[in-house]
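Here is the structure we will look at.
The values are calculated or read from the model by the stated rules, or taken from the named source; none is laboratory data. A quick note: this is a predicted structure, and the numbers were derived from the prediction, not measured. We place every Cβ from the backbone using ideal geometry, glycine too, and count neighbours over all the protein chains shown. Just so you know, the surface numbers come from the protein's heavy atoms only, side chains and all, with ligands and any DNA or RNA stripped out. Shrake-Rupley method; radii C 1.70, N 1.55, O 1.52, S 1.80 Å.
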Amino acid sequence: MPGFRGLAVTGTGNAVVVTLALLAAAAAGAIVAVVLLYRQRAQSAALRRARERIAELEGEGDPESFGALVSHDLRAPIRVVEGFTRIVKEDYATVLDGIGVDHLDRVLGAAARMNHMIDALIDLSKLSSQPIARVPVDLSQLAGYIVADLRRLSPEHEVRVEIEPGLVAIGDPTLLRMVLENLLGNAWKYTAHAKAPRIAFTGHADEPDTYTVRDNGAGFDMHYVDRLFGAFQRLHSASEFPGTGIGLASVRRIVRRHGGEVRAEGAPDRGASFHFSLPPGPG
């Protein structure tokens, strides 16, 4: 039996079988606990390391070095967790109960999410050096396309969406689509529990280069507004509102590369507003 070499068990017949089964179950449970603990520590260490390196590379403009870092340093502990979890699941499948198997599946799911977060980090790092095109971009049209995609993906989520027509900015079409996908996608996500969900995308008559995405969803406490645009700085639990925690950091980086700024306003259970500027001149 895996993990019990050199173990001496006294008794005969069914007594030995029962004793071994109990020992195996106890050992498997202990291994599950160790795997869960290691996963938690590895994930925390990886996130801490990621934040440190993000800060170090923020001004270096070296996405290749960053990509190599996250591919090696951050994926290594995840591979260990994932590998040992699969071994435990295969070797102890017969002695684990449904709860134990569920715990292992949760570990594997967390490892997969961490890999997605690392992919998002690499994409974020590339935004610092990606060339920016400067052409007229119909933001209203882009917003319409994005909302149509959201409706197709979540037809059960009925949201009233208002898009001001004629909003045109100068910038990179691909990157500005990413901005709107993140802001409108967040608004869609965080209105999931609103009684009469509403989202609006508008411009400002007194600030022609500033745009706003507003919703009446979960909102946030303004005391923590400075954390919103940091990588992995989530204000809501991933179980309630899934995501990588990298979207708003990407928004800020793209907007700043266009020479603009982004800010947010909100209140718990009263929605949020995100304002971003896109000056027509070079960033």
Would you mind checking which residues have amide H under 5 Å from Ile163's amide H? H placed 1.01 Å from N; only 5 or more apart, or other chain. Phe201
What nm distance separates the two modelled labels at Lys126 and Val80, each placed 7 Å from Cα along Cα→Cβ? 2.9 nm
Could you tell me the largest-minus-smallest coordinate of the C-alpha atoms of the range 161-203 on each of the three principal axes, in descending order and whole angstroms? 36, 19, 9
Residue by residue through the range 251-266, what is 3J(HN,Hα) from phi via Karplus (6.51 cos²θ - 1.76 cosθ + 1.60, θ = phi - 60°)? Round to whole Hz and write x for glycine and proline. 4, 4, 5, 5, 4, 5, 5, 8, x, x, 9, 9, 9, 9, 9, x
Please turn the phi angles of the range 195-209 into ³J(HN,Hα) values with the Karplus equation 6.51 cos²θ - 1.76 cosθ + 1.60 (θ = phi - 60°), one per residue in order, whole Hz, x for glycine and proline. 5, 10, x, 9, 9, 9, 10, 9, x, 10, 4, 8, 9, x, 9
Please give the solvent-accessible surface of Glu207 in Å², to the nearest 10, using a probe radius of 1.4 Å with every protein chain present. 80 Å²
Amide H to amide H, which residues 5 or more places from His204 or on other chains are under 5 Å from it, using H placed in the peptide plane? Thr210
Probe 1.4 Å, all protein chains present, accessible-area order of Ile99, Ile87, largest first: Ile99, Ile87
Expressed in square angstrom to the nearest 10, the accessible area of His157 with a 1.4 Å probe stands at 30 Å²
What list of ³J(HN,Hα) values in whole Hz, one per residue of the range 87-96 in order, does the Karplus curve 6.51 cos²θ - 1.76 cosθ + 1.60 (θ = phi - 60°) give from phi, with Gly and Pro shown as x? 4, 4, 5, 6, 6, 10, 4, 7, 10, 7
